[in-house]
1. Binned at 10 Å from 0, what are the whole-percent values of the Cα-Cα distance distribution for the stretch B:93-153, short to long?
2. Shortest first and in nm with one decimal, please list how far the residue A:102 label point sits from its counterparts in the other copies (point 7 Å along Cα→Cβ).
3. Antiparallel as a % of all DSSP beta bridges within chain B, to the nearest 5?
4. As a check on your reading of the symmetry: which chain B residue has its Cβ nearest the axis that brings B onto A, and how far is it in Å?
5. What is the diffusion coefficient of chain A in µm²/s, taking the Kirkwood radius over Cα pairs and the Stokes-Einstein relation at 25 °C with a viscosity of 0.890 mPa s?
6. What does the helix-only formula give at 222 nm for the protein assembly as shown: each DSSP H stretch with n ≥ 4 adding -39500 (n - 2.57), the total divided by the residues, and the result rounded to the nearest 500 deg cm²/dmol?
7. Loop only by DSSP, 12 or fewer other Cβ within 10 Å of the Cβ. Give me the GluC sites (Glu not before Pro) in the stretch A:1-100 that pass, ordered by residue number.
8. Would you mind telling me the antiparallel percentage of the DSSP bridges in the protein assembly as shown, rounded to 5?
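What follows draws every value from the coordinates through simple rules; no lab data is involved. Values in this document were obtained by computation on a predicted structure and should not be read as measured data. Glycine gets a Cβ as well: all are built from the backbone with ideal geometry, and neighbour counts include every protein chain shown.
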Number of protein chains: 2
Amino acid sequence: MEERVKQIKQQLSAHNYKLTPQREATVRVLLENEEDHLSAEDVYLLVKEKAPEIGLATVYRTLELLSDLAIIHKLNFGDGVTRYEFRAEGAEHHHHHLICLHCGTVDEITDDWLGPIEKRVEKQFDFQIIDHRLTFHGICHRCKDQVKDPKKLVGSKVT
Amino acid sequence: MEERVKQIKQQLSAHNYKLTPQREATVRVLLENEEDHLSAEDVYLLVKEKAPEIGLATVYRTLELLSDLAIIHKLNFGDGVTRYEFRAEGAEHHHHHLICLHCGTVDEITDDWLGPIEKRVEKQFDFQIIDHRLTFHGICHRCKDQVKDPKKLVGSKVT
DNA sequence: ATTCTGTCGATATCGACTATCAGATAAGAA
DNA sequence: TTCTTATCTGATAGTCGATATCGACAGAAT
């Protein structure tokens, strides 16, 4: 934890940014909730608990900054809110997500299975891949008994 | 074209919806620009050319309706705008996209290469897949000569 | 001290989208 | 036809996430 805060501090100062108290509080919230996919609003509320004077704009600015420096990732699950996730250290690509259309839970696949497909894309379309995103929409193991007709769930969701 | 309009009319009436002049104009715009990924605003402006009296709300309602009936698909490329795309007839999954981080062009892969991966996900995570989305972010063949350092493009894009 | 740069919180503004509501339109019933 | 009812529409106000703006403030440089 302290280790990672220090590391982020160095990444910031490498680009002439300071780890201000507000930024540190934001980073700590992100670290403490690493397994979740927090929205800016979520982060704001959590940061307020330890630093009540912080402004929403500062949270947005900090998240944007961390995202610019590729310390965190912006995610979009189609619910109209940008979510943030720590970048796995050294990971070239971010991992994949399983979104349950019934309960909304987002699980993760940390393996990257797309190697062969990427090779195929690069060759067949002359497209140099920098990153990818793969999301599966369906019914998670927790909900499978409660859903009779999965086809009905296709609906108007953004995918 | 007329064929498909008629088919959509039947899909609507099967659910007790009418193909009103406004809805028909909207459908025709979508059909005429099938290769693009139009936003609601795009559709609105195009429909206005042939039916100037139409309101923005009606376009949104029509797109929502077509989406509910799984006639079109909502897409999200992370630019804060929902885009719409015709559903390939009978296609279970929609196709994949190649997004160029330099020029923003969105190309398509109409093949579905995820079969084996889906089997793996279903087995390993006990997750029943209904749909998926796969997007590659990188440099398209048109831009590859203009971009020296692709790493710089990673930046703060939503992915 | 004074200036400059970076950062801050509050808040106005933006843009995509949705809700509301009165009027239009179409489909039945009498 | 005429009345009734449900559906649909356009205008517009409101919502909500995100961004831009602004004056204030701290620390470094001169």
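1. Reading upward from the zero bin: 20, 37, 24, 16, 2.
2. For residue A:102, the other copies' label points sit at 4.6 nm, shortest first.
3. Working: 11 of 15 bridges.
Antiparallel bridges: around 75 percent, rounded to the nearest 5.
4. Result for the B and A rotation: B:134, 3.
5. Values: Rh = 17.8 Å.
Answer from the Stokes-Einstein relation: 138 µm²/s.
6. Working: 10 runs with 120 residues, N = 318.
Helix contribution divided over all residues of the protein assembly as shown: -11500 deg cm²/dmol.
7. Details: sites: A:2, A:3, A:24, A:32, A:34, A:35, A:41, A:49, A:53, A:64, A:85, A:89, A:92; in loops: A:34, A:35, A:53, A:89, A:92.
Within the stretch A:1-100, the qualifying GluC sites (Glu not before Pro) (loop, at most 12 other Cβ atoms within 10 Å) are A:34, A:35, A:53, A:89, A:92.
8. On the way: 33 of 43 bridges.
Approximately 75 percent, going by the DSSP bridge assignments.
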